[in-house]
1. Tell me which residues, restricted to region 51-68, are among the hydrophobic types (A, V, I, L, M, F, W, C), open to solvent by less than 50 Å² (accessible area, probe 1.4 Å) and touching a residue at least 24 places away in the same chain (Cβ under 8 Å).
2. Going through region 39-50 one residue at a time, which ones are open to solvent by less than 70 Å² (accessible area, probe 1.4 Å) and touching a His at 6+ places or on another chain (Cβ under 9 Å)?
3. Determine if region 76-89 includes at least one residue that is of a type in the set (D, E, K, R), without any contact (Cβ under 8 Å) to a residue 40 or more places away in the chain and on the phi > 0 side of the Ramachandran plot.
4. Somewhere in region 69-88, is a residue more than 16 Å from L22 (Cβ to Cβ), charged (D, E, K, R) and either more than 14 Å from the chain's Cα centre (by Cα) or open to solvent by 100 Å² or more (accessible area, probe 1.4 Å) (or both)?
5. What tally of residues in region 24-38 results from selecting those that are touching a residue at least 40 places away in the same chain (Cβ under 8 Å), buried (at least 20 other Cβ atoms within 10 Å of the Cβ) and closer than 25 Å to T56 by Cβ?
Amino acid sequence: MSDTILTDAAAATAFRRLVMHLQHRTDVENIDLMGLAGFCRNCLADWVAEADGGLTKDQAREIIHGMSFAEWKSRYQGEATPQQIARMKESVAKNADSH
């Protein structure tokens, strides 16, 4: 897919909507996102920090989570099951240097 298909304005609007959606859906844990999509809120925040160049990973994670990662983790993240970890590892292996 060419980057010229999507305008910066459309991409920015869609990105903001994705962030709002992820902040709203606290019932969906990062481990489950990793298992299904090969990325999670933390990955997204890390990409934002890399793209910005002026944000730390912690600052970017606060933007994506809507609060500090430590607070988000204590509120919404449970202990990962062996099945979740296995699914995540299988999914992440498919990423193979794609980003």
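1. I64
2. First, pick out the residues of region 39-50 that are open to solvent by less than 70 Å² (accessible area, probe 1.4 Å): 39-46, 48-49.
Scanning region 39-50 gives F39, R41, N42, C43, A45.
3. No, that holds for no residue.
4. So the first thing to find is which residues in region 69-88 are more than 16 Å from L22 (Cβ to Cβ), and the list is 70, 74, 78-88.
Right, trim to charged (D, E, K, R) and you get 79, 87.
From the residues that got through so far, the ones that are either more than 14 Å from the chain's Cα centre (by Cα) or open to solvent by 100 Å² or more (accessible area, probe 1.4 Å) (or both) too are 79, 87.
The answer is yes; a qualifying residue exists.
5. Residues in region 24-38 being touching a residue at least 40 places away in the same chain (Cβ under 8 Å), buried (at least 20 other Cβ atoms within 10 Å of the Cβ) and closer than 25 Å to T56 by Cβ: 2 in total.
The values are calculated or read from the model by the stated rules, or taken from the named source; none is laboratory data. It should be emphasised that the depicted structure is a prediction, and the values quoted were computed from it without experimental measurement. Cβ sites come from the backbone with ideal geometry, for glycine too, and all protein chains shown count toward neighbours. What goes into the accessible areas is simple: the full protein's heavy atoms, side chains included, and nothing from ligands, DNA or RNA. Shrake-Rupley method; radii C 1.70, N 1.55, O 1.52, S 1.80 Å.
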